[in-house]
1. Hey, what's the per residue convex hull volume over the C-alpha atoms of the chain, in cubic angstrom?
2. Could you tell me the accessible area of PHE5 in Å² (1.4 Å probe, neighbours in place), rounded to the nearest ten?
3. Out of the total accessible area of the chain (probe 1.4 Å, heavy atoms of protein only), what percent is carbon and sulfur?
4. Going 7 Å from the Cα of VAL40 along its beta-carbon direction, which residues of segment 51-73 have the amide nitrogen within less than 15 Å of the resulting point?
5. Using label points projected 7 Å from each Cα along Cα→Cβ, tell me how many nm separate VAL228 and GLN57, to one decimal.
6. Hey, what do the phi angles of segment 166-183 turn into as Karplus ³J(HN,Hα) couplings, whole Hz, using 6.51/-1.76/1.60 and θ = phi - 60°, x for Gly and Pro?
7. Over segment 124-238, average the accessible area per residue using a 1.4 Å probe and give it in Å², no decimals.
8. Please give the charge dipole size of the chain, origin at the Cα centre, charges +1 on K and R Cβ atoms and -1 on D and E Cβ atoms. Round to the nearest 20 debye.
Amino acid sequence: MTLEFWIVKVLATTLGETGGDSLSMSMGLGYLTSTFIFAVAFVGAVALQIRAERFNQWVYWFTIVATTTLGTTVADYVDRSLGIGYAGGTTILVICLLASFGVWRAVTGSIAVTDIRSPRSEAFYWVTIMFSQTLGTALGDWTADTIGLEYTGGALLFTALLAVLAAAYRWTSISRTLLFWAAFVLTRPLGAVVGDFLDKPLAKGGLALDRYAASAALLAAIVVILTVRRQHPAARPH
């Protein structure tokens, strides 16, 4: 079940990249307008999630996808439209993410997923996820474009880092909460570079697939996995 969670998470983050680009680029709405659209979806999804009396996997993953599509357009707007660049955008978002963790821990006493038992804690959880998804987009683009690893190199890098975290989980006593959030953050740039690899032009190292078709295929894969293997809330840190 833990492995399936992370597989769906990577699929969702990849969907966030192709889905976000579908509105901002393929439909020509631009980063700012697309951000407003996804922000409305994000707020609505979080409201549904917080109001839910018990765990609902469909609401949960809809909210995850809402955070990752919003993160895509926010990061692109900050990095490109505002001209801050990938390095500047990544730095700002790292600060925002760390501040979110700090405030969350100071107010509630814990950032562990298994300690989320109140609307306030859950609100912090989703705000933190939104920052992590936005950071992941900027970090993935920075790695692929500025550093020059391109999409396949970026995907290999982030896959290797996730493998290191998996090994740390298996053979060390490092905090499970720390490892969870580190993996949660790293799956987003992995999804970003994989999403770009799928839909970017051949001249830029991509496969030039249709963004709508790629998004539909990713969504279908998520639905199939969740239908075949229903997920449940964690009772302890994994």
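The values are calculated or read from the model by the stated rules, or taken from the named source; none is laboratory data. Remember, it's a predicted structure, so these values are computed and weren't measured experimentally. FYI the Cβ positions are ideal-geometry reconstructions off the backbone, even for glycines, and counts take in every protein chain you see. Note: areas computed on protein heavy atoms with side chains; ligands, DNA, RNA excluded. Shrake-Rupley method; radii C 1.70, N 1.55, O 1.52, S 1.80 Å.
1. Residue-normalised Cα hull volume stands at 119 Å³.
2. 40
3. Result for the chain: 70 percent of the exposed heavy-atom area is carbon or sulfur.
4. Once the point is set 7 Å along Cα→Cβ of VAL40, 70 turn out to lie under 15 Å by backbone N, inside segment 51-73.
5. About 1.2 nm, to one decimal.
6. 4, 5, 5, 5, 6, 10, 10, 10, 4, 3, 5, 5, 4, 5, 4, 5, 4, 5
7. Ligands and nucleic acids excluded, the figure is 49 Å² per residue.
8. Rounded to the nearest 20 debye, it is 820 debye.
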